[in-house]
Amino acid sequence: MDDHSHKAPNHSRPLLYVPNSLWTRLFASTVITETVLTVAIESWILISLWNNLDDDGKTDGPLRLQSFLGLFIFALLYELALSYDALRRKNTIQLVGLCICNLGLLTYGFLQMQEIQSTISDMVNDKKLSTHLLKLYRVELIIVPVILGVGTVCMVFLTWKLRAEFSWSIYKNISADLQMKRRYVTYQVYIALLKFDFFFVFGSQLQILLVVFKAEDADFIINAALIPTTIATLVGSAQFCKREKKKSLITMIFFMLIIIGCFVLTLFRMHSVKTSVDFSSVRVSLTLFAGVSVLLMLITVITSVACIINFGKGLKNHTNPPKKRRKDSVTLELQESETPTRFLLH
């Protein structure tokens, strides 16, 4: 009996999660199918345009293509990773965020039609060749928004179905304590926000680096340094919130405000006539990414304050349970392994 008690902790959640219910399998299948189809089409368009368009150095077309289509592909792959993470951790809040994110990708899919048309017109002087290229990609450019539109509708429906399934998991961990459940949901929202913050901030900084790479060295160094700073801030925020480290989390909030200030400054420089750096090649996509980054990080800061208010009220027992368990708590440990409540920022 003692041997069995010592082996019990090994019955934890497997490293590789496999959807084990009808709705989780359907959600996973929907996202995988959408990602494979759209990434394949976008990759083909990017490679084909790269081969068909001549870079004479007179336009910023290649840079615009790299930025726009490359970020689109990255967004689709990142959404797939977040979908896997949301299903594995049974996080309904993150699933709702993914539905909104997919709707944003649908909008991005419509924007790329105008962006590619503009790029081809700028780089190809021959009108016949320009018309031919536009016809060549017309069907694929229409198919991408259609796939994303169908995928968004399916994801919204499946998220509604998964809400009840995942709510039961929360109930088994939090019980019927409504106050504790509200604190736990606030924590879930915060962790989900940090994950989406990473994508938009990283995407914005990547575009900025493409521009300032040809500009002054000081600009490049400052913006390059912001990427590891942002990653450390977001990861630290998740860990300090889980462990209820008040002073440390307040420090992370301070860094978030600095990052927000940097993006506001970038938006100002980008739309200012007197700016020293030409952002014309990424103005559309960078405005979208930087604007969303500022909005999301402001919401994250507000949610951080709400999480700090909840510190010391018992939530830590559910978000960061002690690693060492007594032998008489084996049954409780096995139940928690089925519906984990640990949320790490990956």
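Laboratory data are not the source of any read-out in this text; all were calculated from the coordinates shown. Since this is a predicted model, take the numbers as computed values, not measurements. Counting neighbours? That spans all protein chains shown, and the Cβs are built from the backbone with ideal geometry, glycine included.
Tabulated data
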read-out	value
Over 26 Å between alpha carbons, listed pairs LYS181/LYS242; LYS90/LYS313; LYS181/LYS247; LYS161/LYS316; LYS161/LYS246; LYS90/LYS247	LYS161/LYS316; LYS161/LYS246; LYS90/LYS247
Rounded FRET efficiency, nearest 0.05, which uses the C-beta distance separating THR229 from VAL264 and R0 of 22 Å	0.85
Chain lengthening between MET113 and PHE311 when straightened (0.36 nm per residue, less Cα-Cα)	66.5 nm
Gain on full stretching of the segment that runs from THR131 to ILE32 - 0.36 nm per residue minus C-alpha separation	32.3 nm
Net charge over other residues, Cβ less than 13 angstrom from the Cβ of ILE32 (K, R count +1; D, E count -1)	-1
Calculated on alpha-carbon atoms, Rg and Dmax of segment 15-174 in Å	19.0, 66
